[in-house]
1. Can you pull out every residue in segment 113-150 that is on the phi < 0 side of the Ramachandran plot and not in a helix (DSSP H, G or I)?
2. Identify all residues within segment 100-112 that are open to solvent by 10 Å² or more (accessible area, probe 1.4 Å) and assigned to a helix (DSSP H, G or I); write none if there are none.
3. Only one of (1) within 25 Å of Asp56 (Cα to Cα); (2) surrounded by 14 or more Cβ atoms within 10 Å (Cβ to Cβ) fails for Ser93. Which number is that?
4. Touching a residue at least 12 places away in the same chain (Cβ under 8 Å), more than 16 Å from the chain's Cα centre (by Cα) and surrounded by 20 or more Cβ atoms within 10 Å (Cβ to Cβ): which single residue out of Glu130, Glu153 fits that description?
5. Having 2 or more residues that are of a type outside the set (S, T, N, Q), open to solvent by 90 Å² or more (accessible area, probe 1.4 Å) and modelled with pLDDT of 95 or more is the bar; report the helices (runs of 4 or more DSSP H) wholly within segment 1-90 that clear it.
6. Please enumerate the residues belonging to segment 141-150 that are among the hydroxyl-bearing types (Ser, Thr, Tyr) and open to solvent by less than 20 Å² (accessible area, probe 1.4 Å).
7. Return the only residue of Leu172, Leu163 being at pLDDT below 95, surrounded by 13 or more Cβ atoms within 10 Å (Cβ to Cβ) and closer than 24 Å to Leu90 by Cα.
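The values are calculated or read from the model by the stated rules, or taken from the named source; none is laboratory data. A quick note: this is a predicted structure, and the numbers were derived from the prediction, not measured. Every residue, glycine among them, receives a Cβ derived from its backbone with ideal geometry; neighbour counts consider all protein chains shown. We work out accessible area using only protein heavy atoms, side chains counted, and drop any ligands, DNA or RNA first. Shrake-Rupley method; radii C 1.70, N 1.55, O 1.52, S 1.80 Å.
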Amino acid sequence: MSTPPTEYYSAERWQNWIDRVEDEDVDAEDEDSMRVFDLMQDDAAIAVAKIVSATDDDELDEEAASEKINEIGDIVFTEPDFDDEDKLFLVGSVQESLSIVLHSAMEYIHAGPAEEATIPEFVSAAADAEAEEDIESARGYLVKAGTLIIDGEELSPELGEELEYGPVAQWLNGLASLQSAMEDPEVVEEDDDAE
C-alpha cells in the first residue's frame, strides 16, 4: 500500500477515481457502470471512518482530526476537469453524499453522538424539513443521525425507500457509505471486483 499510515486520503487517490470515471462509459440505467461512483464514495468514507477511529483511540486529538477531515473535504470537493455533463452531475452527487459524511464526523469529534433522538426520528425530521424547503435544518438532522451511526447505531435501508430524489436522499446515501465504512474500514482497491 503506497499511502503512508499518517495520510488517510490523498489528492492522487481521488484523481485516480476521477480518471476512471472519465475513461468509462457511464449509463445511469446500468448498475455495473454506476459502480465506480459507489466505490469512489465508499473509499472516501472509509478514510473518514479511520480518522474517527483514530480519534476514539486517542491517536489523533480533536484539532488534528478536524484538520484531516478538512483535507479530505478539500480533495473531494475539487471540480473535475472533464466536460461530460452526465458524469459531472454524478460526481457532484457523490460529493453531496460525502458532505454529510464529513460533517457528521466533524460533529462527532467535537460534540459526540447526538442524544436527543433516534436515527429514524432524525431521518423523519429531515424529510419533513426538506418538504418545507428548510434544507439547512434537514442537513442538521442528518448530521446528528450520522453521529449515531459513527457511535454504532444502524441506519435501516428502509428509511430512504419513500424519499423522492433530493438532498435528503443523497445524504442518506452518504450515511449508508459511512455505516459500511465504520463496520468494515477496509480500503477499496480500484480494481476490486468483490460483490
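1. Within segment 113-150, the first condition is being on the phi < 0 side of the Ramachandran plot, and the residues that meet it are 113-132, 134-150.
Answer for segment 113-150, where residues must be on the phi < 0 side of the Ramachandran plot and not in a helix (DSSP H, G or I): Pro113, Ala114, Glu115, Glu116, Ala117, Thr118, Glu132, Asp134.
2. Here is the first cut: in segment 100-112, the residues open to solvent by 10 Å² or more (accessible area, probe 1.4 Å) are 102-103, 106-112.
Residues satisfying the conditions are Leu102, His103, Met106, Glu107, Tyr108, Ile109, His110, Ala111.
3. For Ser93, the failing item is (1).
4. Glu130
5. Numbers: elements: 11-23, 31-56, 62-76.
Where helices (runs of 4 or more DSSP H) fall fully within segment 1-90 and carry at least 2 residues being of a type outside the set (S, T, N, Q), open to solvent by 90 Å² or more (accessible area, probe 1.4 Å) and modelled with pLDDT of 95 or more, they are 62-76.
6. Initially, segment 141-150 is screened for residues among the hydroxyl-bearing types (Ser, Thr, Tyr), giving 141, 147.
The one that is among the hydroxyl-bearing types (Ser, Thr, Tyr) and open to solvent by less than 20 Å² (accessible area, probe 1.4 Å): Thr147.
7. Values: Leu172 fails: at pLDDT below 95.
Every option except Leu163 fails the conditions.
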